[in-house]
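**Student:** One structure, pasted below without further comment.
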Amino acid sequence: MNIFLYLDKDTWIHRLDPRTKMIGVVMIFCICLCFNHPLYMAAISVGILLIAISAKALLNFWRLRFILFLLIAFSTVTWPFFAKGPTPLWSLGSLHASQESLLYGIAMGLRLATFVGTGLIFLSTTRNEELTNGLIRMGCPYSIAFALSTALRLVPTFAGAGATIIQAQVSRGLDLETGNIFSRVSKFIPQAVPLFIYAIRHTNLLAMALESKGFSPESKRTFYYEPRMRVIDYLVLAFLTAIFAILLYARVGLHLGVVIPGRL
Amino acid sequence: MSLAISIEELTFTYQGAERAALRNIRGQIEEGTFVAVMGHGGAGKSTLCCSLNSLVPRFFRGEYQGRVLIKGEEVAQHQVAEMSRHVGFVFQDFEAQLFSTNVELEMAFGPENHCLPREEIGRRIERYLRFTGLENLRNREPSSLSGGQKQRLAIGSVLALEPKVLVMDEPTTDLDPLGRQEVLSVSKSIQEEGRVLLIVDHEPETAVTADQVWLIRDGQLVSKGAPSEILADVAAMESCGIRTLPTVELFHSLNWPGTPLTVEAAIEIIENHHLAQRVGSKVKTAPSGYLRGFPVLKAEELRYIYPTHRVEALRGVDLNIYEGEFIAILGQNGSGKTTLVKHFNGLLKPTCGRIMVQNKSSTEYTHRELARLVGYVFQNPDHQIFARTVADEVGFGLKMRGETPKMIGKRVAETLEVVGLQGYEQKVPFALTKGERQRVAVASVLAAQPRVIILDEPTTGLDYRHQRNMMEMLRRLNQIGHTIIIITHSMWVAAEYAARTIVMKDGGILSDGPTRAVFGDEARLAEASLCPPSLVRLSNWLGMEGLTVEQMVKELKTG
């Protein structure tokens, strides 16, 4: 079962320094927070989609299409009842939705999907080792960087084991198709216990294997793939900073791209 | 030659354990020696391996006496990471020891930890990729490799540290026959390079090419010596719970001269001493005593495509399985064995074609009904054991079906008796041995009294005694009327126990028939990169019918 997100391609985004990519992700998050008008937000989303195309990461967008779609749909349906706008659209009892709040909901959905999409591009183009390396060079202690990337690394492994465990339990009569919420919770135990034990065994063995190959979290090490900040990295960071500055001015100075003022 | 390893009166007791895992081990290994360590499960083989790179006592704590010296340095005084300069360690579980996101980085991991300069790391990667034959896979994700490739990568990633001693703890146990060959050929080149190689393995065939064989029983080193001496000692091997070489056993039982370790040696002795006549005619392929009648499972033009990979795992399989058969399915990993049998209990639905279970299409059953008819025991018992007592574990399926506690108790007791675990009801399943846990897993499927029981590699990871017990138990179940289907990589298991053997290759059936006939056609088996067990090869050469030592002895004495 292959549920790793990294796609081994050779694009300009893959070649960026992991630090550039990490800072870039944070800046794109900030850019997403600038507007709450769906049209403006959509423009940013399209921009991210274009980046995804040039990073050849669309496959992962396709794999997670349901999640992305759900985020937009869920947000569009629920936000209108929480945000308040001047033009009433529809109301039922104490529930009110306005034209502005509906637009706001769409914008929020796009924003969430763009967040996820940005993260997806990052994970599709950055190796686990590069992530560790980037974190360390940004001043993160090695043990923490290593723990973080190991956690990411083990998710697919455990997901695979989980799938096998479910099959094994279903084969001897565990019925996951019927039952109310309470009986379903009790059915969780036969799945969770073996997975938990598997995880302990697996990490224990991994620790042994890593130590046997000379790993120790305190000592220095070399990195075989040593990414460097190159001209393009500085260009990308400068470009993102410029965009952010312009958009921030558009929002704060010119009051553009706002359906509900006073909200992010 | 100088001494590479020296073990002096080593005794080790794990924290909280009552019995010592190793007792007064004494041994010396010279440079460039290949040592095969053998013994029953729990004999202390792994503990011995771990004591060589200081996992014992640094990682596993306990009471440690004696000394282990590697190149004159005392192991226990060093951290595991420091010992990695001298001792490489390859584990049985190749999934857990691979960690990086591509093959090249996996190789680089050890040298990176040792702060080698990047140019040197690059050189070592090249060198050991070539050594392990992985140079064309350098950018692959390790999880996408086959089992044999993964284990080769694990070996290569350890070799990249250029240790003088390489320890491999059951490196081939989880592999298919092809992967096993790959790993063994890599270890042969390691031996030629002049490193010390210490391998733990259950198969006596591995030990034939060793310089020294060590037999361990209950934590004690009972004997060591050249393979020709140790492997020929049937009594010592049996007392340590190791399978004897069948050629040796055959010659022993017939009082023939010599102790041939290989088929070739056996043939030579037979020819030189005119011990037996080769029968010119080919093996009879008539289906003698072959069960027919009611097909309990039937596959028709079965095709399956995995949705995530878009690979056709089954390409039109037609198969009838009759009530009361004992079937072994052989084939390399990825040949479609597991995909096929998962259709029988409805875990997978055919992409094309259909599966008939008792003359009714499998799609007409609910999952539960199918699980009652066709039980499926997964390879790793730890994937399903969760309950606090063996009784809860075995009764789980019945409880899910809503049976009364009284009925469950009765059935659990019956089932435990069948699998030879009577009186185990209140024991904690996690605390049992691997062989016992495997039986608990079988019992938990058996409790639903399915007509067909499918077992995925029931003997993998068990030592010889437990393998025998397991297979004898399956034979008993077969005799009381259950249809048994096993997937196995163990050729002798198939040869001794299965009446019918199916060989799969590339999602199709390569050959299917009585086990004797399937094993008689060595050319056909070779197409699936399989080789019959050595005894069957000898039997084929002689033109005999026998598949086991007893059968052959009988045949040779009467004929």
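**Student:** Among the residues of the stretch B:379-390, write down those that are part of a helix (DSSP H, G or I), farther than 28 Å from B:Val357 by Cα and more than 7 Å from chain A (Cβ to nearest Cβ).
**Tutor:** B:Val390 - this is the single residue of the stretch B:379-390 that is part of a helix (DSSP H, G or I), farther than 28 Å from B:Val357 by Cα and more than 7 Å from chain A (Cβ to nearest Cβ).
**Student:** Which condition number does A:Gly214 fail, the rest of (1) exposed (fewer than 14 other Cβ atoms within 10 Å of the Cβ); (2) touching a helix residue (DSSP H, G or I) at 6+ places or on another chain (Cβ under 9 Å); (3) part of a loop (DSSP other than H, G, I, E, B) being met?
**Tutor:** Of everything listed in (1) exposed (fewer than 14 other Cβ atoms within 10 Å of the Cβ); (2) touching a helix residue (DSSP H, G or I) at 6+ places or on another chain (Cβ under 9 Å); (3) part of a loop (DSSP other than H, G, I, E, B), A:Gly214 misses just condition (1).
**Student:** Taking helices (runs of 4 or more DSSP H) that fall entirely within the stretch B:47-123, which contain at least 1 residues that are farther than 17 Å from B:Gln149 by Cα?
**Tutor:** Output list reads B:55-58, B:80-83, B:103-113.
**Student:** Mind listing whichever residues of the stretch B:146-169 are buried (at least 20 other Cβ atoms within 10 Å of the Cβ) and acidic (Asp, Glu)?
**Tutor:** B:Asp169
**Student:** Which residues, taken from the stretch B:441-452, are crowded, with 24+ Cβ neighbours inside 10 Å and either in contact with a Pro (Cβ under 8 Å, 6 or more places away or on another chain) or not aliphatic (A, V, I, L, M) (or both)?
**Tutor:** B:Ala441, B:Val442, B:Ser444
**Student:** Still on this structure: Could you check the stretch B:408-432 and list, in sequence order, the residues that are away from every other protein chain (no Cβ under 14 Å) and either exposed (fewer than 14 other Cβ atoms within 10 Å of the Cβ) or farther than 17 Å from B:Val442 by Cβ (or both)?
**Tutor:** Residues satisfying the conditions are B:Gly409, B:Lys410, B:Glu417, B:Gln422, B:Gly423, B:Gln426.
**Student:** Next up: Taking into account only those residues within the stretch B:120-145 that are at the interface with chain A (Cβ under 8 Å from one of its Cβ atoms) and surrounded by fewer than 20 Cβ atoms within 10 Å (Cβ to Cβ), which is farthest from the chain's Cα centre (by Cα)?
**Tutor:** B:Gly122
**Student:** How many residues does the stretch A:94-115 hold that are touching a residue at least 60 places away in the same chain (Cβ under 8 Å) and not basic (Lys, Arg)?
**Tutor:** 11
**Student:** Look at B:Pro204 and say whether it is in contact (Cβ under 8 Å) with a residue 40 or more places away in the chain and either in contact with a Lys or Arg (Cβ under 9 Å, 6 or more places away or on another chain) or surrounded by 21 or more Cβ atoms within 10 Å (Cβ to Cβ) (or both).
**Tutor:** yes
**Student:** Are there any pairs, at least 6 apart or on different chains, whose C-beta atoms fall under 6 Å, with the first in the stretch A:23-50 and touching a residue at least 24 places away in the same chain (Cβ under 8 Å) and under 16 Å from A:Arg251 (Cβ atoms) and the second in a helix (DSSP H, G or I) and among the aromatic types (Phe, Trp, Tyr), and if so, which?
**Tutor:** A:Met27/A:Phe244; A:Cys30/A:Phe244; A:Ile31/A:Phe244; A:Asn36/A:Tyr104
**Student:** Tell me whether the stretch A:11-23 contains one or more residues that are within 14 Å of another protein chain (Cβ to nearest Cβ) and either under 30 Å from B:Tyr306 (Cβ atoms) or modelled with pLDDT under 90 (or both).
**Tutor:** Within the stretch A:11-23, one or more residues are within 14 Å of another protein chain (Cβ to nearest Cβ) and either under 30 Å from B:Tyr306 (Cβ atoms) or modelled with pLDDT under 90 (or both).
**Student:** Considering only the stretch B:70-119, state which residues are more than 9 Å from every other protein chain (Cβ to nearest Cβ), of a type outside the set (A, V, I, L, M) and closer than 20 Å to A:Thr150 by Cα.
**Tutor:** Correct list: B:Phe94, B:Glu106.
**Student:** Are there any pairs, at least 6 apart or on different chains, whose C-beta atoms fall under 7 Å, with the first in the stretch A:78-93 and surrounded by 11 or more Cβ atoms within 10 Å (Cβ to Cβ) and the second of a type outside the set (A, V, I, L, M, F, W, C) and part of a loop (DSSP other than H, G, I, E, B), and if so, which?
**Tutor:** A:Ala83/A:Arg263
**Student:** Name the residue that is farthest from B:Ile487 (Cα to Cα), counting only residues in the stretch B:170-184 that are of a type in the set (A, V, I, L, M, F, W, C) and either surrounded by 22 or more Cβ atoms within 10 Å (Cβ to Cβ) or within 14 Å of chain A (Cβ to nearest Cβ) (or both).
**Tutor:** Selected residue: B:Val183.
**Student:** A:Ser143 versus (1) surrounded by 16 or more Cβ atoms within 10 Å (Cβ to Cβ); (2) within 24 Å of B:Leu105 (Cα to Cα); (3) within 30 Å of the chain's Cα centre (by Cα): which is the lone unmet condition?
**Tutor:** Looking at each condition in turn, A:Ser143 falls short on (1).
**Student:** Could you say which residue among B:Phe60, B:Phe99, B:Phe91 is closer than 17 Å to A:Pro217 by Cβ and modelled with pLDDT under 95?
**Tutor:** From the options B:Phe60, B:Phe99, B:Phe91, the qualifying one is B:Phe99.
**Student:** Kindly indicate whether any position in the stretch B:138-148 is part of a helix (DSSP H, G or I) and of a type in the set (A, V, I, L, M, F, W, C).
**Tutor:** No, every residue in the stretch B:138-148 fails to be part of a helix (DSSP H, G or I) and of a type in the set (A, V, I, L, M, F, W, C).
**Student:** To continue, here is another question. Which ranges mark the helices (runs of 4 or more DSSP H) fully within the stretch A:124-200 that have 2 or more residues being closer than 30 Å to A:Val25 by Cβ and within 12 Å of chain B (Cβ to nearest Cβ)?
**Tutor:** Those helices (runs of 4 or more DSSP H) span A:128-137, A:142-171.
**Student:** Considering only the stretch B:369-378, I want to know if a residue exists there that is outside any strand (DSSP E or B) and among the hydroxyl-bearing types (Ser, Thr, Tyr).
**Tutor:** no
**Student:** If you go through the stretch B:524-540, how many residues are within 26 Å of B:Val553 (Cα to Cα) and without any contact (Cβ under 8 Å) to a residue 12 or more places away in the chain?
**Tutor:** The qualifying residues number 0.
**Student:** Here is a list: B:Glu403, B:Glu425. Which entry is under 27 Å from B:Glu472 (Cα atoms) and either among the basic types (Lys, Arg) or not assigned by TED's automatic domain parsing to the domain that holds B:Ile480 (or both)?
**Tutor:** B:Glu425
**Student:** Hey, another quick one. Those residues that are charged (D, E, K, R), more than 8 Å from chain B (Cβ to nearest Cβ) and either loosely packed, with under 14 Cβ neighbours inside 10 Å or assigned to a loop (DSSP other than H, G, I, E, B) (or both), I need them from the stretch A:217-241; list them, please.
**Tutor:** Listed by number, the residues that qualify are A:Glu218, A:Arg228, A:Arg230.
**Student:** Against the condition in contact (Cβ under 8 Å) with a residue 12 or more places away in the chain and either touching a Gly at 6+ places or on another chain (Cβ under 9 Å) or aromatic (Phe, Trp, Tyr) (or both), how does B:Phe396 come out, does it pass?
**Tutor:** For B:Phe396, the condition - in contact (Cβ under 8 Å) with a residue 12 or more places away in the chain and either touching a Gly at 6+ places or on another chain (Cβ under 9 Å) or aromatic (Phe, Trp, Tyr) (or both) - is met.
**Student:** State the number of residues belonging to the stretch B:391-407 that are within 14 Å of another protein chain (Cβ to nearest Cβ) and under 20 Å from B:Tyr376 (Cα atoms).
**Tutor:** Looking only at that region, the number is 10.
The values are calculated or read from the model by the stated rules, or taken from the named source; none is laboratory data. Nothing here was measured: the structure is a model prediction, and the numbers come from that model. Quick reminder, even Gly has a Cβ in these numbers, built from the backbone with ideal geometry, and neighbours come from all protein chains shown.
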